[in-house]
Amino acid sequence: MKLGNKRRYLLAAAGAAAMFATVGGARAQDVKIGFILPMTGQQQSTGKQEAAAAKLWMAQHGDTVAGKKVELIIRDDAAVPDNTKRIAQDLLVNEKVNFLAGFGITPAALAVAPLATQAKTPEIVTAAGTSIITEKSPYIARTSFTLAQSSVPMADWAAQNGIKKVVTMVSDYAPGHDAEDSFAKEFTAKGGQIPDHITFPLANPDFAPFLQRAADDKPDAIFVFVPSGQGGTFVKQFVEKGLDKAGIKIIGPGDVTDDDLLNNMGDPILGTITAHIYSADHNSPANKAFVAAFEKANNGMRPNFMAVGAYDGMHLMYAALEKTGGKTDGDSLIAAMKGMAWESPRGPISIDAETRDIIQNVYIRKVEKKNGQLYNVEFATIPNVKDPIKAGTIK
Ligand code: PHB
């Protein structure tokens, strides 16, 4: 009897060990990438673009890296930071993801930073653009952009091209403040005047009263930052108020002339000059191949700068896994990412070894019609721009 019991126990223990071995074995083979994106709500165009780009990357590069099977998990946070945090916790604890990625807005990226640190899990920021994000955890790396990266070159261009008086209009949250601050410092240092700084809410803004206030100042241009997805409404109200006819220009980082919305803005937007990190019209073989594949896989949808952020985020994660030989601990992966450089559809990019932030070209572009379609056509390049706020190049 005693022996029988013992045998049964041993068999059960062996069975359990075998089961754990299988589970553990399967897990050791897996790499899980958890993208948290706004698939619904006000920022849903960002979620749609980023998810499509991440899927395209996998369709083109396969689901095996360094001998490990990669699984992509996409979760919707509707750009509500409390959701982002709860989903990140679930992905870390229950899915045991090796990477957290995405984040359509700055507050969502910030909400996850302490969890990335605690779990020692890389947080790859592929959409949000406030300078400070990468300083919030040593496990954060960014493949999107910072607002200052485009706003400072925009200020230089404006100051050198006869624009003397500018009213700033930005969404009242962190990236808007970065855009406004960095533009204003650079533009006034170059002799420009800014008679008014206008902010409006991030959620459901009605721009009309603010546009009236800006028009009353009779500026040469309005410097605008609205997050991806809101540019169409801004331009519509700008035109309805007759500001284009009054000779006022729109300038700013290229979020306002987003490739996702540009074609619907109509002829009044022709000639608008912005500074930005990506145009679907970027003239390189790598970009032409990217745009063609993206449009083909997505019913003709044109990729925007958010799509490129996610595509490069996937590149970064795959390349880091290759470099570590499939090691998935956060310290090895982040170390592998530092200093990494490659050619993106947007042009050459790298991950700053010191800050883990992206270094990239900024392009000055003009909205033009090509084959009946509106595009941001790049005509000047400022190469290898580091985030000016962290670099301390603006005071
Ligand atoms: C951000 O919240 O950081 C953000 C969102 C959309 C943009 C730019 C920045 O287009």
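The values are calculated or read from the model by the stated rules, or taken from the named source; none is laboratory data. What you see is a predicted model, and the numbers here were worked out from it, not measured in a lab. Quick reminder, even Gly has a Cβ in these numbers, built from the backbone with ideal geometry, and neighbours come from all protein chains shown. We work out accessible area using only protein heavy atoms, side chains counted, and drop any ligands, DNA or RNA first. Shrake-Rupley method; radii C 1.70, N 1.55, O 1.52, S 1.80 Å.
On a straight-distance basis, which lysines could pair with K69 in a cross-link, Cα separation under 28 angstrom, same-chain partners fewer than 8 positions away excluded?
Counting by Cα, and skipping residues close in sequence, K69 has these lysines nearby: K32, K48, K55, K85, K96, K120, K296, K323, K327, K338.
For a quick check: with amide H placed at 1.01 Å from N, whose amide H comes under 5 Å from V125's, ignoring anything fewer than 5 positions away on the same chain?
A141, R142, T143
Using a 1.4 Å probe, what is the accessible area per residue for the range 74-116, in Å²? It would help to have the intermediate numbers written out before the result.
Working: 1550 Å² over 43 residues.
Computed with neighbouring chains in place, this is 36 Å² per residue.
On the protein heavy atoms, probe 1.4 angstrom, tell me the percent of accessible surface of the chain carried by carbon and sulfur. Could you put the intermediate results ahead of the total?
Working: 8620 of 16150 Å².
So the carbon and sulfur contribution to the accessible surface is 53 percent.
Rank P348, T274, G326 by how far each Cα sits towards the positive end of the charge dipole of the range 269-365 (+1 on Lys, Arg Cβ; -1 on Asp, Glu Cβ) and give me just the farthest.
Most positive-ward Cα: T274.
Counting helices only, and only those DSSP H runs with n ≥ 4, report the 222 nm mean residue ellipticity of the chain as the sum of -39,500 (n - 2.57) divided by its residues, in deg cm²/dmol to the nearest 500. Provide the component values of the computation, followed by the final result.
On the way: 12 runs with 166 residues, N = 395.
When only DSSP H runs of four or more count, the value is -13500 deg cm²/dmol.
Heavy-atom accessible area per residue, the range 210-320, 1.4 Å probe: how many Å²? Can you show the working numbers first?
Numbers: 3730 Å² over 111 residues.
Accessible area per residue, the range 210-320: 34 Å².
³J(HN,Hα) across the range 227-240 via Karplus (A = 6.51, B = -1.76, C = 1.60, θ = phi - 60°), whole Hz, x for Gly/Pro?
Karplus-based 3J(HN,Hα) across the range 227-240 equals x, 2, x, 9, x, x, 5, 4, 5, 4, 6, 4, 6, 4 Hz.
PRE reach from K120 (point 7 Å along Cα→Cβ): which of the range 313-340 fall under 15 Å by backbone N?
327-336
Distance from a point 7 Å along Cα→Cβ of K323 to each backbone N in the range 72-113: keep the residues under 19 Å and list them by number.
Only 98-102 fall inside the zone, counting backbone N under 19 Å.
Translational diffusion coefficient, Stokes-Einstein: compute it for the chain using the Kirkwood radius over C-alpha pairs as Rh, at 10 °C and 1.306 mPa s, and state it as an integer in µm² s⁻¹.
On the way: Rh = 21.9 Å.
In µm²/s, the coefficient rounds to 73.
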